[in-house]
Amino acid sequence: MGMHQTFAQVVATITCGYLDERPKLLERMATQTRHLRAEDLPSIPVPDGIAGYELVSGELVPVMPSLERHSWLVFEVAKALDAQAHAVAAGSVFPDVWCKLPVPDDPERLYAPDISFFATEKVQAESGDGIFHSPPDLAVEIFSETNRRKPGDFQRRIRNYLEAGVRLLWVIHPDAGHAMIYRADGSARMVREAEALDGEDVLPGFRLELGPLFAAMPGAQPPA
């Protein structure tokens, strides 16, 4: 699988440092941001204070580090997905991996969903250059305060996922106590706290009850 890291590999290497910086490359890229390609991002050094970059309309978009609750949810949901994916040999789960999502107005758009699930055949078809060149079959985003401050950007992100061919998208809203499901056919529905997320035909047999998940979050209020 080349440079891609599975969920288990990410957990095993989470204490590793960044790659050596490449100042000359960064300086060159800084003068040509509107000409960047998705394949350039793995070679661009990441400064202290941010988690990395995404590529939107040819420009680098900094991604900030996650807060505690966000990181916890990513870990727990990815762990559950990973267990089911391995149990049925359906594919692999990747937290925070770059996915090239060509959309009509931006063929080089590059997002890093909080969690991505790729079917086995997609993983095997990748070149190993550090990014996925196809959309995930399932993408998961944890809605955060940053998203709340820029609602237009987040709605565009949802639209881009579906335009690029993501079959199933979950947006988990921990503060509101629900999740939203978006499908490639344009349908959407709310999953309430008493309900469960379902892998449907993308990851058959997967179910994740939202109530216990939200109850176990850091800082969650115990039931009265």
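Just so you know, all these numbers are worked out from the coordinates, no wet-lab data involved. None of these values were measured; they are calculated from a predicted model. Cβ placement follows ideal geometry from the backbone for every residue including glycine, while neighbour counts extend to all protein chains displayed.
Miscellaneous remarks
- Whole-angstrom gap from region 153-181 to region 192-207, using each part's C-alpha centre: 15
- For region 69-124, size of Cβ-based charge dipole, Lys and Arg +1, Asp and Glu -1, in debye: 140
- Couplings 3J(HN,Hα) of region 46-53, computed from phi: 10, x, 4, x, 10, 8, x, 10 Hz, in residue order, whole Hz [Karplus 6.51 cos²θ - 1.76 cosθ + 1.60, θ = phi - 60°; x for Gly and Pro].
- The simple Förster model, with R0 at 22 Å and r as the Cβ-Cβ distance, assigns Ile50 and Glu193 a FRET efficiency of 0.10.
- A crude spin-label estimate for the pair Leu67 and Gln155, with each label 7 Å from Cα along the Cβ direction, gives 2.3 nm.
- Once the mean of 1/r is taken over each pair of separate Cα atoms and inverted, region 69-165 shows a Kirkwood hydrodynamic radius of 14.1 Å.
- Loop-located GluC sites (Glu not before Pro) in region 56-97, at most 12 other Cβ atoms within 10 Å (DSSP): none
- The largest-to-smallest principal axis extents of the Cα set in region 83-224 are 52, 38, 28 Å.
- A simple rule links phi to the HN-Hα coupling: the Karplus curve 6.51 cos²θ - 1.76 cosθ + 1.60 with θ = phi - 60°, which for region 142-150 gives 9, 5, 10, 4, 4, 5, 5, 6, 10 Hz, with x for Gly and Pro.
- Cleavage-rule hits (trypsin sites (Lys or Arg not before Pro)) in region 70-139: DSSP loop, at most 16 neighbouring Cβ within 10 angstrom: none
- Cα-based shape type of region 167-210, given that a ≥ b ≥ c are square roots of the gyration tensor eigenvalues and the cut on a/c is 1.5: oblate
- Whole-Hz Karplus values for region 55-70 come out as 10, 10, 6, x, 10, 6, 10, x, 10, 7, x, 7, 7, 4, 5, 4 Hz, taken residue by residue from phi with 6.51 cos²θ - 1.76 cosθ + 1.60 and θ = phi - 60°; glycine and proline positions read x.
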